[in-house]
1. If each DSSP helix of 4+ residues adds -39,500 (n - 2.57) and the sum is divided by the residues in the chain, what number results at 222 nm, nearest 500 deg cm²/dmol?
2. For the range 25-33, what does the Karplus curve 6.51 cos²θ - 1.76 cosθ + 1.60, with θ = phi - 60°, yield as ³J(HN,Hα) per residue in whole Hz, taken in order and with x for Gly and Pro?
3. Please list, in chain and number order, the residues 5+ apart from V7 or on another chain whose amide H is under 5 Å from its amide H, with Hs placed from the backbone.
4. Find out how many positive minus negative residues lie around E11, taking Lys and Arg as positive, Asp and Glu as negative, among other residues whose Cβ is under 13 Å from that of E11.
5. Using 20 Å as the Cα-Cα cut-off, could you pick out the over-long pairs in K151/K207; K41/K207; K144/K207?
6. If you project the alpha carbons of the chain onto the principal axes, what extent comes out on each, in Å, largest first?
7. Would you give the gap between the C-alpha center of the range 143-189 and the C-alpha center of the range 1-74, rounded to a whole Å?
8. For the range 1-123, what class follows from the C-alpha gyration tensor (a ≥ b ≥ c being the square roots of its eigenvalues): rounded when a/c is under 1.5, otherwise prolate if a/b is larger than b/c, else oblate?
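Since every read-out is calculated from the coordinates, none of them should be taken as a lab result. Nothing here was measured: the structure is a model prediction, and the numbers come from that model. Cβ: placed from backbone, ideal geometry, glycine included. Neighbour counts: every protein chain shown.
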Amino acid sequence: MSKTVLVVDDEQDIRDLIAYNLTREGFLVETASNGKEALVKLQEYPTAVVILDIMMPELDGFETCRAIRANPATANVPVIFLTARSAEVDQIVSLELGADDYVQKPVSPRVIVARVKSLLRRLERADQPQPAGLQEQIVSPGVKIDRAAYKVFINEKETFFPRKEFELLYFLAAHPGRIYKREALLDEVWGRDTFVVERTVDVHIFKVREKLGPYGSRIETVKGVGYRYVID
């Protein structure tokens with residue numbers, strides 16, 4: 001079955017060019033000219049990837065990404081920012097909001113297609129059964145992590161974790177006591193072919209700790225090194 005890509009940009013020529021190249025590669029394509037229209041289409045069409053501009057009328061890319069991640073129905077839809085904004089702070093904000101990749105304009109449409117395919121391959125690998133030795137469920141006092149269902153239960157109550165936060169928690173909890181540097185966590189959770197800065201790990205760790213509530217202290221900061229998951 002062909003996967004649907006939602007292209008969101010206020011410039012029609014860019015939407016048309018990207019849509020044309022994605023269609024040639026077998027993707028189904030929907031387009032939107034602003035964030036509000038994109039959020040409506042996300043409810044109407046099962047979407048594999050969103051390609052999102054930042055500077056748009058009605059609702060900019062940052063607010064759109066924040067809304068996508070806040071809605072459990074769309075929270076795990078991959079987002080690639082495609083924008084003319086080149087400041088490092090924009091890249092950091094994008095990734096902290098939960099974007100999966102950041103591509104700066106101008107860029108060849110073939111590069112965009114390649115980034116979409118690479119992102120989908122990475123997600124498909126993450127969804128495959130885990131190698132022997134990694135648990136489908138990790139259970140510790142007060143916390144249950146269900147890798148097969150992508151669910152976390154805190155004191156038997158389901159707590160929603162977006163994909164990246166879930167994968168970060170699962171990876172650390174699957175290796176209790178082992179210290180991981182930020183660079184290693186970037187490679188394991190975000191992948192080596194995605195631009196991500198180390199601060200992104202810190203922000204996601206903060207969010208995971210918040211959602212773990214009374215068990216947030218299980219993710220320890222090892223000063224000058226990285227993070228580890230410990231069980232009380």
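1. Values: 8 runs with 92 residues, N = 232.
Using -39500 (n - 2.57) per qualifying helix, the result is -12000 deg cm²/dmol.
2. Calculated HN-Hα couplings, in order: 8, x, 7, 8, 10, 10, 10, 8, 9 Hz.
3. Those qualifying (amide H under 5 Å, at least 5 residues apart or on another chain) are E30, T31, A32, I51.
4. -3
5. Correct reply: K41/K207.
6. Principal-axis extents of the Cα atoms in the chain, largest first: 56, 37, 32 Å.
7. Using only Cα atoms to place each centre, the spacing works out to 28 Å.
8. Numbers: a/c = 1.27, a/b = 1.11, b/c = 1.14.
Judged from the Cα gyration tensor, the range 1-123 comes out rounded (a/c under 1.5).
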